[in-house]
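These notes are about the structure you will find just below.
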Amino acid sequence: MGREFIQTAIIGTKANSNNQTSLCAGIAYHASINTKPFIIFMAVFTEVTLEAARPLFAQLDIGELTALRGIEGGIENTNYFASTSKGEYVLTLFERLTHAQLPFYLYLMRHLALRGIAVPLPEQNRAGDILFPLCGKPAAVVHRLPVSSQLKPEPVHCAALATPLAPMPL
């Protein structure tokens, strides 16, 4: 199994002979499904065309939408890499959470990003909205961070995360 394969799949194995449930990346698999390793591909759950997404991007001051590419690494939401004439972004359609549940998290992300914490900055329209309807789902557009996933973080990665968070009041 190649490195690129790991980023697009979740691998589960039988936990033990007692048919215990194993938990991997937030999804529970019943161990009796297979005694050998099995692979579940994560896919785009909601298809979004350029034509459908362009009106959302037009509300934001981030340039003209030029490309969308599905991200297969998600486990709960639909995510697309979005290229515009001004930069790179991520479009997320929330598959499980409702419009009412999401503003707190998105405004917290925005608050942290504007204060120098390395989290994606949710884009807002002129009215200050950061959550939009798209294809019948709540959606948000955030800056794409110039980083890659760390599937096996080491102490140096934890320290890089903890350093900017340490001065924050509890």
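Rule-based calculations on the coordinates, nothing more; no lab input. Just so it is clear, the model here is predicted, and its values are computed rather than measured. So basically every Cβ, Gly included, is an ideal-geometry build from the backbone, and we count neighbours across all protein chains shown.
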**Prompt:** Distance from the Cα centre of the range 134-162 to that of the range 91-107, in angstrom?
**Reply:** 16
**Fill in**
Charge tally for neighbours of Thr92 with beta carbon under 13 Å away, counting Lys, Arg as +1 and Asp, Glu as -1, is 0
**Asked** Can you tell me the Rg and the Dmax, both Å, for the Cα atoms in the range 123-166?
**Response** 16.0, 41
**Complete:** Once phi for every residue in the range 137-144 is put through the Karplus expression 6.51 cos²θ - 1.76 cosθ + 1.60 (θ = phi - 60°), the whole-Hz ³J(HN,Hα) values, with Gly and Pro written as x, are 10, x, 9, 9, 10, 10, 4, 7
**Asked** If you wrap a convex hull around the C-alpha atoms of the range 56-170 and split its volume per residue, what is the figure in Å³?
**Response** 132
**Complete:** Here the net charge surrounding Val119, from other residues whose Cβ is less than 13 Å away from its Cβ (Lys, Arg +1; Asp, Glu -1), is +3
**Complete:** Expected sort for 90-97, 57-64 on mean C-beta neighbours within 10 Å, highest first, is 90-97, 57-64
**Karplus-derived 3J(HN,Hα), 6.51/-1.76/1.60, for each residue of the range 149-155, Hz, glycine and proline x** = 5, 10, 6, 10, x, 10, x
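How large is the dipole of the range 66-141 about the Cα centre if only Lys and Arg carry +1 and Asp and Glu carry -1, each at its Cβ, rounded to the nearest 20 debye?
Taking the Cα centre of the range 66-141 as origin, the dipole is about 200 debye.
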